[in-house]
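J.: Let me begin by handing over the structure; questions about it come next.
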Amino acid sequence: MRPYPIRPGRLIAKAILALAGFLAVFPLVWTALNALKNNVDIITRVPRLVFTPTLANISYILGRDSVLTGLYNSVVACGSAVLIGVALGLPAAYAVARYPNRFAGDIQFFVLSLRFLPPVAVAIPLMVIWLQVGLYDTLPALIVTYSLLTISVIMWLAIPAFQGVPKEVEEAAFVDGYGAYPVFWRIALPVAARSLAGAIAFSFVLVWNEFLIALMLSSSNAKTLPIVASELSQQGMNVPWGILNASVVLLSLPPLLFLGVLSGFLNSVFRQKKT
Amino acid sequence: MSAIVCSHVDKAYGATSVIRDLNLAIEEHEFVVFLGPSGCGKSTLLRMLAGLEDISGGEVSIGGKVVNDLEPGDRGIAMVFQNYALYPHMTIFDNIAFGLKRQRVPAAEIKKRVEAVSKTLGLEPYLGRKPTELSGGQQQRVAIARAMIKTPKVFLFDEPLSNLDAKLRNHMRVEIARLHQSLKTTTVYVTHDQLEAMTLADRIVLLKDGVIEQIGSPAEIYRRPGNMFVAGFIGTPNMNFVEVTVGRSGNGWTLTGAGTVLSIAGQGYHLQHGDRAVLGIRPPDLKTASADRGCNLLQGTADLIEFHGNDALVTFGSGGKEISALVPARECPELRAPVRYTFDEQSIHLFDATTGLSLRKQ
């Protein structure tokens, strides 16, 4: 086969793609690099690509109790909220998808409306509620609040995933003698697993990055990592850029790991056997 | 004892009635085909037998037991779906074994039975694969294996061949026929393809708008259609219908219509002078008339000739009515040539013009 002649149109398209890719990736790379720089190397007039790397920023971050507490809070709050979201959201989504009643449409709209409201409108009443209950600034309050988000997001994304499972496949299982619950566990869940995993990962990333509600619901004990990281920038006139960048890297790692593990898991489950 | 009995079965979705007061008895070991145009309720009826649709009224019993409120798994049935409905996340072995696992059959026996069934259907090389790695015909065979392994009282097939290409469809049709010959399991088979129905069925149940139009063996339905719908639905190419007026003439009867007068003895029919009737005659029953023949002629100019290989379908106009005749290809006339056809009285059908019911004496 002859190679395609290189036409200017293709060239321009590739250049635009390369530029877009660069715009997307470069800030991340630069942040990661800055996390390894001394402050002098960061605030130079000419950006430096060659520098003496240092782990000082990272060890400073990991050495601070507030950061470690924030990390712990984030992992516990987000992990628990995602687990609750999976445990309650997936069965709810399946019920709405497969056994719709006259409220199914309303349920879907209500779930979606939780994401329409400006977060402040949700956060202030929640703050008052938790203050009254006496759970303000505790992890349980944060877990319950985040569960509202994860359940709604997981339901919203899982309903079409379950609807995508061919109805006849479930009916075949009914004919094979299985009841509604085994059909959910052994047919609907595994068949829809790929899309469901995406929904779960998305809900995790959403609460991990959540800032405003965490800010309103915590004052000292239950601060999550995004709150702690933002506080690092409020340490006076001299902005500690290296430390800030290091905290951003720390903040970004768990979602990346989570997605990596998840996609690896999915690939191993669904890899087609080559014959 | 009949294997399946439906008595006064109704099905309605809200105010829309899909099946009305349906009565049907299917004998043991029988192969019954539900045939009808789309939307006639044949698949709904099958799904009601399977337990996948609620029964709105009446009673369905399988093997002498009323199954109205039984779950699909407790009815002793197995079903093959149009799109195969294999479990996509399981291997072929697990697909076939899934039903037995539910029945808590020991693993060693499951293995033995899966191997036996897959040997019958030639699936042995594929047991470790996933459904997506198989061709359509192989997937259909897995679906049949999954149904067979449970040794059900009744097989239900829901248009199982309509997703296959024509050649494979013929092949699988023969396989299903062989399977029924060896297993003798009572089978209900839904299709809209009359060729499948004619070749497979012991009896055909012809449905239209949720009502049974006729039940009978393929030959009965073809030779003695009970009404105009059945006559028009069964048989390719379609039956010719000509509106005629019945007249008395001596000992016989005349039929006037399509610009001609036909005379018949009419002993097998309920006829009355002056009645409006519809004459039905199948294209293969029209024969080229010899030159000296003077009566019972349908003649006109050949407007359209479709060459089929052995035969040719000649369409001509007679008294403003389009009539088709299927003649041997060597007798095929030129386009726009005059044609003359005649028929045997035994091969005609007469229907009441208003009710559409056959006028044939029972």
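J.: Just one of B:PRO160, B:PRO152 is in contact (Cβ under 8 Å) with a residue 12 or more places away in the chain, touching a Gly at 6+ places or on another chain (Cβ under 6 Å) and within 13 Å of chain A (Cβ to nearest Cβ); which is it? Steps first, answer last, please.
T.: Numbers: B:PRO160 fails: touching a Gly at 6+ places or on another chain (Cβ under 6 Å).
So the residue among B:PRO160, B:PRO152 that is in contact (Cβ under 8 Å) with a residue 12 or more places away in the chain, touching a Gly at 6+ places or on another chain (Cβ under 6 Å) and within 13 Å of chain A (Cβ to nearest Cβ) is B:PRO152.
J.: Shifting gears a bit: Working carefully through the options A:ALA246, A:ALA214, A:ALA229, find the one that is modelled with pLDDT under 85, assigned by TED's automatic domain parsing to the domain that holds A:LEU114 and surrounded by 14 or more Cβ atoms within 10 Å (Cβ to Cβ).
T.: A:ALA229
J.: Give the number of residues within the range A:34-68 that are assigned to a helix (DSSP H, G or I) and touching a Phe, Trp or Tyr at 6+ places or on another chain (Cβ under 8 Å). If you could, list the steps in order and put the result at the bottom.
T.: Restricting attention to the range A:34-68, the residues satisfying the condition of being assigned to a helix (DSSP H, G or I) are A:34, A:39-42, A:56-63, A:65-68.
In the following step, the residues that additionally are touching a Phe, Trp or Tyr at 6+ places or on another chain (Cβ under 8 Å) were identified as A:34, A:39, A:41-42.
Total satisfying the criteria: 4.
Residues are listed down the side, and each one gets a yes or a no for (1) out of contact with any Phe, Trp or Tyr (no Cβ under 7 Å at 6 or more places or on another chain); (2) within 21 Å of B:LEU24 (Cβ to Cβ); (3) surrounded by fewer than 23 Cβ atoms within 10 Å (Cβ to Cβ):
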| site | (1), (2), (3) |
| --- | --- |
| B:LEU168 | yes, no, yes |
| B:ARG173 | yes, no, yes |
| B:THR185 | no, yes, yes |
| B:VAL190 | no, yes, no |
| B:ASP193 | yes, yes, yes |
| B:GLU196 | yes, yes, no |
| B:THR199 | yes, no, yes |
| B:VAL205 | no, yes, no |
| B:GLU213 | no, yes, yes |
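J.: Do the conditions hold for A:PHE184, that is, is it more than 13 Å from chain B (Cβ to nearest Cβ), more than 22 Å from the chain's Cα centre (by Cα) and in a helix (DSSP H, G or I)?
T.: Working: more than 13 Å from chain B (Cβ to nearest Cβ): yes; more than 22 Å from the chain's Cα centre (by Cα): yes; in a helix (DSSP H, G or I): yes.
Against the criterion (more than 13 Å from chain B (Cβ to nearest Cβ), more than 22 Å from the chain's Cα centre (by Cα) and in a helix (DSSP H, G or I)), A:PHE184 qualifies.
J.: What residue, of B:ALA108, B:ALA78, is modelled with pLDDT of 90 or more, touching a Pro at 6+ places or on another chain (Cβ under 6 Å) and not in a loop (DSSP other than H, G, I, E, B)? Let's see the steps before the verdict.
T.: Working: B:ALA108 fails: touching a Pro at 6+ places or on another chain (Cβ under 6 Å).
It is B:ALA78.
J.: Now for a different question. Of the residues that make up the range B:30-40, is at least one assigned to a helix (DSSP H, G or I) and among the aliphatic types (A, V, I, L, M)?
T.: Filtering the range B:30-40 for residues assigned to a helix (DSSP H, G or I) gives none.
No, there is no match, as no residue in the range B:30-40 is assigned to a helix (DSSP H, G or I) and among the aliphatic types (A, V, I, L, M).
J.: I've got another one for you. Which residue, of B:SER38, B:SER43, is modelled with pLDDT under 90, over 11 Å from B:VAL154 (Cα atoms) and not acidic (Asp, Glu)?
T.: On the way: B:SER43 fails: modelled with pLDDT under 90.
Result of the check over B:SER38, B:SER43: B:SER38.
J.: Another question, if that's okay. Please enumerate the residues belonging to the range B:42-75 that are in a helix (DSSP H, G or I) and within 22 Å of B:ILE204 (Cβ to Cβ). Quick ask: steps written out before the conclusion?
T.: First, pick out the residues of the range B:42-75 that are in a helix (DSSP H, G or I): B:42-50, B:72-74.
Matches in the range B:42-75: B:LYS42, B:SER43, B:THR44, B:LEU45, B:LEU46, B:ARG47, B:MET48, B:LEU49, B:ALA50.
J.: What number of residues within the range B:300-316 are surrounded by 17 or more Cβ atoms within 10 Å (Cβ to Cβ) and touching a Pro at 6+ places or on another chain (Cβ under 7 Å)? Full working, then the answer.
T.: Kept after step one, since they are surrounded by 17 or more Cβ atoms within 10 Å (Cβ to Cβ), are these residues of the range B:300-316: B:300, B:302, B:305, B:311-316.
Going one step further and asking which of them are touching a Pro at 6+ places or on another chain (Cβ under 7 Å), we end up with B:302, B:311, B:313-314.
Total satisfying the criteria: 4.
J.: Given the condition over 30 Å from B:LEU100 (Cβ atoms) and surrounded by fewer than 14 Cβ atoms within 10 Å (Cβ to Cβ), answer yes or no: does some residue in the range A:152-174 qualify? Walk me through how you get there before you give the answer.
T.: Within the range A:152-174, the subset over 30 Å from B:LEU100 (Cβ atoms) is A:152-160.
Now restrict to residues that are surrounded by fewer than 14 Cβ atoms within 10 Å (Cβ to Cβ): A:160.
Taking every residue of the range A:152-174 in turn, at least one turns out to be over 30 Å from B:LEU100 (Cβ atoms) and surrounded by fewer than 14 Cβ atoms within 10 Å (Cβ to Cβ).
J.: Exactly one of (1) away from every other protein chain (no Cβ under 12 Å); (2) within 30 Å of B:LEU45 (Cβ to Cβ); (3) surrounded by fewer than 22 Cβ atoms within 10 Å (Cβ to Cβ); (4) at pLDDT 90 or above is unmet by B:GLY137. Its number?
T.: Condition not satisfied by B:GLY137: (4).
J.: Taking the criterion of being facing another protein chain (nearest Cβ under 10 Å), more than 22 Å from A:LEU189 (Cβ to Cβ) and either among the small types (Gly, Ala, Ser) or touching a His at 6+ places or on another chain (Cβ under 7 Å) (or both), would at least one residue in the range B:109-129 satisfy it?
T.: Yes, the range B:109-129 contains at least one residue that is facing another protein chain (nearest Cβ under 10 Å), more than 22 Å from A:LEU189 (Cβ to Cβ) and either among the small types (Gly, Ala, Ser) or touching a His at 6+ places or on another chain (Cβ under 7 Å) (or both).
J.: Return the residues of the range B:330-358 that are in a loop (DSSP other than H, G, I, E, B) and farther than 15 Å from B:LEU271 by Cβ; say none if nothing qualifies. Let's see the steps before the verdict.
T.: First, pick out the residues of the range B:330-358 that are in a loop (DSSP other than H, G, I, E, B): B:332-337, B:343-344, B:353-356.
The answer is B:CYS332, B:PRO333, B:GLU334, B:LEU335, B:ARG336, B:ALA337, B:PHE343, B:ASP344, B:GLY356.
J.: Name the residues in the range B:248-274 that are without any contact (Cβ under 8 Å) to a residue 40 or more places away in the chain, surrounded by fewer than 17 Cβ atoms within 10 Å (Cβ to Cβ) and in contact with a strand residue (DSSP E or B) (Cβ under 6 Å, 6 or more places away or on another chain), would you?
T.: The answer is B:GLY252, B:THR256, B:VAL261, B:SER263, B:HIS273.
Results for (1) facing another protein chain (nearest Cβ under 10 Å); (2) of a type in the set (S, T, N, Q); (3) out of contact with any helix residue (DSSP H, G or I) (no Cβ under 6 Å at 6 or more places or on another chain), shown as yes or no for each residue.
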{"residue": "A:ALA141", "(1), (2), (3)": "no, no, no"}
{"residue": "A:SER147", "(1), (2), (3)": "no, yes, no"}
{"residue": "A:ALA158", "(1), (2), (3)": "no, no, no"}
{"residue": "A:ALA161", "(1), (2), (3)": "no, no, no"}
{"residue": "A:LYS167", "(1), (2), (3)": "yes, no, yes"}
{"residue": "A:ALA173", "(1), (2), (3)": "yes, no, no"}
{"residue": "A:GLY198", "(1), (2), (3)": "no, no, yes"}
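J.: Separate question: Sort through A:VAL169, A:VAL165 and tell me the only one that's within 22 Å of B:LEU52 (Cα to Cα), modelled with pLDDT of 90 or more and in a loop (DSSP other than H, G, I, E, B).
T.: Working: A:VAL169 fails: in a loop (DSSP other than H, G, I, E, B).
The match here is A:VAL165.
J.: Just to check your reading of the model, which residue among B:ILE96, B:ILE55 is surrounded by fewer than 22 Cβ atoms within 10 Å (Cβ to Cβ) and of a type in the set (Val, Ile, Thr)? Give the derivation first.
T.: Working: B:ILE96 fails: surrounded by fewer than 22 Cβ atoms within 10 Å (Cβ to Cβ).
Just a single option satisfies the conditions, and that option is B:ILE55.
The values are calculated or read from the model by the stated rules, or taken from the named source; none is laboratory data. Small disclaimer: the values here were computed from a predicted structure and weren't measured. Glycine also receives a Cβ, built like all others from the backbone with ideal geometry; neighbour counts cover every protein chain displayed.
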